[in-house]
Each structure stands twice: as structure tokens, then as C-alpha cells.
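Colleague: The structure is given below, and queries will be raised subsequently.
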Amino acid sequence: MTARSSDWKPLDFEGLKTGSLKDRPSKVAFDDFGRAWIPGESFAAFLDKLPRILASEQLRLAAAAFATAVEAGRTVILGMGAHPIKVGLNPILVDAIERGLLSGLALNGAGIIHDVEVALAGKTSEDVAAHLDGGTFGTARETAEFIHGAVASAYRKGSVGLGKAVGLRLIEENVPYARLSVLAAAARRGIPVTVHVAVGTDIIHMHPAMDGAATGALSHLDFKLFCRLVTTLKEGVFINLGSAVILPEVFLKAVSVARNMGFPLEGITTINMDFQRQYRTQANVVERPTMRTGKGIVLIGHHEIMLPLLIAAVLERLSKES
């Protein structure tokens with residue numbers, strides 16, 4: 001019979017079997033603990049004193065993979081949304097390009113908009129809420145005219161993709177803040193920058209100068225170029241910085257193309273850097289491309305902190321190896 005609730009009695013723990021803490025396996029030991037940083041110590045000392053647990057250990061793994069790839073002359077691709085530009089990371093990205101840390105970059109459509117605005121005016125990031133009610137959001141004339149002019153010229157010539165077309169034009173016109181432009185820096189150094197446009201997502205798509213055929217053709221050429229870059233990622237590194245949808249989707253298709261055409265991607269390391277864990281980035285960047293062939297790393301945190309930290313850690317490692 002089933003006992004009535006009035007018959008339940010507390011369980012007597014007298015017969016519980018116990019073991020020794022000394023013999024029990026544990027996930028954390030004092031050897032893994034962090035150590036206090038002393039003012040005046042080097043950045044390398046700061047990194048070394050971080051706990052060897054969870055995110056700080058992932059940071060070490062990411063920096064090691066990144067630095068190893070650079071040292072060995074392997075491919076390192078940075079894919080990113082526009083937010084890293086909007087939080088002031090262009091000088092760090094430009095420096096990484098000039099130091100030869102990156103083999104290629106991939107941006108979404110918003111990425112070139114904010115990079116061009118920084119290059120033209122030294123500022124970007126419109127207050128959407130303040131301008132949407134009045135119908136003036138996204139109507140800055142110079143941004144659209146500059147990008148669409150570069151697209152139209154490149155489309156007529158039929159020689160370069162969207163990223164290179166805009167980067168070259170920034171250099172040719174000697175815009176006031178070209179030194180802060182990721183696109184211009186990459187064009188100067190001859191590093192591929194691919195731009196992957198989703199029509200209707202960007203403010204310049206609603207301007208009358210928008211040529212959908214030209215934009216689509218240049219962006220499709222950039223996708224083919226990105227696929228070429230991805231074919232060289234054996235023992236290389238792909239970083240997704242702040243793109244929640246477009247770059248993870250583009251990367252997954254490029255991985256499929258590369259493997260379909262017989263290019264090996266063994267030893268690939270993927271690093272996803274964003275504010276939070278999301279399905280698409282976790283699946284399309286961290287897990288699926290590295291399954292049985294590499295490793296995926298997740299670094300969660302604000303871009304304006306995490307990217308400078310990663311780049312600095314890579315430079316520290318490279319300085320020790322040189």
C-alpha cells in the first residue's frame with residue numbers, strides 16, 4: 001500500500017557511506033588559483049596571475065592559438081559586426097593589421113558604414129531614437145554618397161569586391177581620418193576585406209543612389225574571396241567578433257564550400273567573442289566547423305575590453321617568441 005502523508009518520516013542518514021575529501025577528484029585545486037597582481041608589474045605578469053579556470057584559461061588558449069598561427073604564417077581571419085567600430089576599437093584593429101596579425105577581415109554591411117563615417121568625419125553611431133520619429137534616421141548624405149560612389153566605380157570596372165573598393169577610395173580621396181579606417185589600413189597593406197551585405201539592413205540601402213545589382217555583385221565577389229580565405233584555415237584561426245547572425249552564417253557556408261572542394265581544415269581554431277552565448281554563434285562558429293577537426297573557444301564580455309585584452313596577450317606571446 002502507498003503510505004499516507006501522515007506516515008512519512010525523515011530519512012535517517014546514519015547509514016550514509018562517506019569517502020575522504022583527500023581521495024575525491026576535484027575540478028579546482030589551489031595550483032589553479034589566481035595570484036594578486038602587484039602595481040608596477042608587467043602586463044605579462046598580470047596575464048600569468050589570472051586563474052587557470054574557465055574564461056581566463058579560455059583567454060590563454062585563444063591567445064596561444066592566435067599567436068602560434070601568426071608565428072607560423074598561417075591564416076587568421078577576423079569576422080565582425082559593426083559594434084566593435086562603434087565602441088572605439090578601430091585604432092587597435094588598424095594596429096593589428098599593420099603588425100601583420102590578421103590575414104583577412106570580413107564585415108557585415110553596417111561595418112563599412114561605421115568605418116566610412118569614422119574616416120570621413122571622425123565620428124559615427126547615430127542616435128536612432130532621437131531621429132526615427134522625425135523620419136531623419138539614416139539619411140546622412142555623405143555616408144551613402146561615398147559608399148555608393150565607390151560601388152558604382154568598382155562595378156563598372158569589374159575588378160574588385162566591395163571591401164577593397166571602399167578601402168581604396170578612402171585612400172584615393174585622402175579623407176580626413178583615413179588613419180583610423182580599418183578598410184583603408186587593409187587596402188594599404190593588401191589584406192583582403194570582404195563585405196557581406198543583407199539587402200535592407202543598412203541605412204544606405206534606402207538612399208536613391210543605391211544600386212542593388214552593383215552592391216550584390218560586389219558582395220557576391222567578396223563571398224567568393226572569403227571562401228578562398230577559408231580554404232587556407234588549416235591550423236589557422238577564425239574569430240567572430242560581435243556578429244550574431246550574418247558572419248556566422250557566411251562562415252558556415254564557406255566552410256562547407258572549402259570541404260566540398262577538398263580543402264582540409266584540420267587543426268582549425270574558432271573563437272567567438274560576444275556579450276552572451278547565442279545559438280547561432282555557438283553552433284556555426286564554435287561547434288560545427290571544429291567538430292572532430294579542431295577546437296572552439298568562447299570569450300564572453302564587452303568588445304571594448306575583450307578584444308584589446310586578446311590582442312595584447314597575443315603581442316606579449318609573440319614578443320617572448322621573437
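Colleague: Just to confirm the filter: which trypsin sites (Lys or Arg not before Pro) across the range 283-321 are DSSP coil and have at most 14 other Cβ within 10 angstrom of their Cβ? Show your work: numbers first, answer last.
Modeller: Working: sites: ARG292, LYS295, ARG317, LYS320; in loops: ARG292.
Sparse-neighbourhood loop trypsin sites (Lys or Arg not before Pro): ARG292.
Colleague: Which of the trypsin sites (Lys or Arg not before Pro) across the range 109-214 are loop residues per DSSP, with 12 or fewer other Cβ within 10 Å? List each step's numbers first, then the result.
Modeller: Details: sites: LYS123, ARG141, ARG156, LYS157, LYS164, ARG169, ARG179, ARG188, ARG189; in loops: LYS123.
Qualifying residues, ordered by number: LYS123.
Colleague: Using a 10 angstrom Cβ neighbour count of at most 15 plus a DSSP loop assignment to flag exposed GluC sites (Glu not before Pro), which longest range of the chain is free of such sites? Don't skip to the end; give the middle numbers.
Modeller: On the way: sites that count: GLU41, GLU173, GLU266.
Result, exposed sites excluded: 42-172.
Colleague: Would you mind calculating the gained length between VAL128 and HIS302 on full extension (0.36 nm times residue separation, minus the Cα-Cα distance), in nm to one decimal? Write out the running numbers ahead of the final one.
Modeller: Details: separation 174, 0.36 × 174 = 62.64 nm, distance 2.13 nm.
Result: 60.5 nm gained on full extension.
Colleague: For the chain, what does -39500 (n - 2.57) per DSSP helix run (n ≥ 4), summed and divided by total residues, give at 222 nm, in deg cm²/dmol to the nearest 500?
Modeller: Numbers: 12 runs with 144 residues, N = 322.
Helices in the chain give a 222 nm mean residue ellipticity of -14000 deg cm²/dmol.
Colleague: How would LYS9, LYS86, LYS49 line up from fewest to most surrounding beta-carbon atoms within 10 angstrom?
Modeller: Working: LYS9 6, LYS86 19, LYS49 15.
The fewest-first ordering by Cβ neighbours comes to LYS9, LYS49, LYS86.
Colleague: Another question, then. With a 10 Å Cβ neighbour count serving as the proxy for reagent exposure, in which order, fewest first, do HIS303, HIS131, HIS207 appear? Before the final figure, lay out the partial values.
Modeller: On the way: HIS303 21, HIS131 14, HIS207 17.
If I rank by nearby Cβ atoms, fewest first, I get HIS131, HIS207, HIS303.
Colleague: Along Cα→Cβ, 7 Å out, is where each label goes; now give me the distance between the ones at GLN58 and SER20 in nm to one decimal.
Modeller: Result: 3.6 nm between the two label points.
Colleague: Also, I was wondering about something else. Loop-only chymotrypsin sites (Phe, Trp or Tyr not before Pro) in the range 241-322, please: DSSP not H, G, I, E or B, and at most 16 other Cβ atoms within 10 Å. Display every interim value, and only then the final one.
Modeller: On the way: sites: PHE251, PHE275, TYR279; in loops: PHE275.
Those that pass, being in a loop and sparsely packed, are PHE275.
Colleague: Which net charge results when you count Lys and Arg as +1 and Asp and Glu as -1 among the other residues whose beta-carbon is under 15 Å from that of GLU98? Working shown, then result.
Modeller: Working: positive: ARG99, ARG179, ARG188, ARG189; negative: ASP95.
With Lys, Arg at +1 and Asp, Glu at -1, the neighbours total +3.
Colleague: Average the reciprocal distances over every distinct pair of alpha-carbons in the range 1-127, invert the result, and give the Kirkwood radius in Å. Please list the in-between numbers first.
Modeller: Working: mean 1/r = 0.0489 Å⁻¹.
Result for the range 1-127, one decimal place: 20.5 Å.
Colleague: Further, regarding this structure: Mind computing the radius of gyration and Dmax over the alpha-carbon atoms of the chain? Å is fine for both.
Modeller: Rg, Dmax (Cα atoms, Å): 24.3, 89.
Colleague: Which net charge results when you count Lys and Arg as +1 and Asp and Glu as -1 among the other residues whose beta-carbon is under 12 Å from that of GLN282?
Modeller: On the way: positive: ARG277, ARG280, ARG288; negative: ASP274, GLU287.
Summing Lys and Arg as +1 and Asp and Glu as -1 gives +1.
Colleague: For GLU145, what charge total do you get from the other residues with a beta carbon under 13 Å from its beta carbon, if Lys and Arg give +1 and Asp and Glu give -1?
Modeller: Net charge around GLU145: -2.
Colleague: Based on the Cβ-Cβ distance from PHE30 to ALA283, what FRET efficiency comes out when R0 is 51 Å, to the nearest 0.05?
Modeller: Values: r = 36 Å, r/R0 = 0.71.
E(calc), rounded to 0.05, equals 0.90.
Colleague: Quick one: if you stick a label point 7 Å off each Cα along the C-beta vector at TRP37 and PHE263, how many nm between them?
Modeller: My value for the distance between the label points is 3.8 nm.
Colleague: Here's something else I'd like to know. Please check: in the Gaussian network model of the chain (C-alpha springs, under 10 Å), which one of VAL195, VAL28, VAL298 has the largest mean-square fluctuation.
Modeller: Maximum among the listed residues: VAL28.
Read-outs: derived from the displayed coordinates by stated rules, not from any lab. For clarity, every value in this text was computed on a predicted model and none was experimentally measured. Neighbour counts are summed over all protein chains in view; Cβ atoms, including those assigned to glycine, are modelled from backbone coordinates with ideal geometry.
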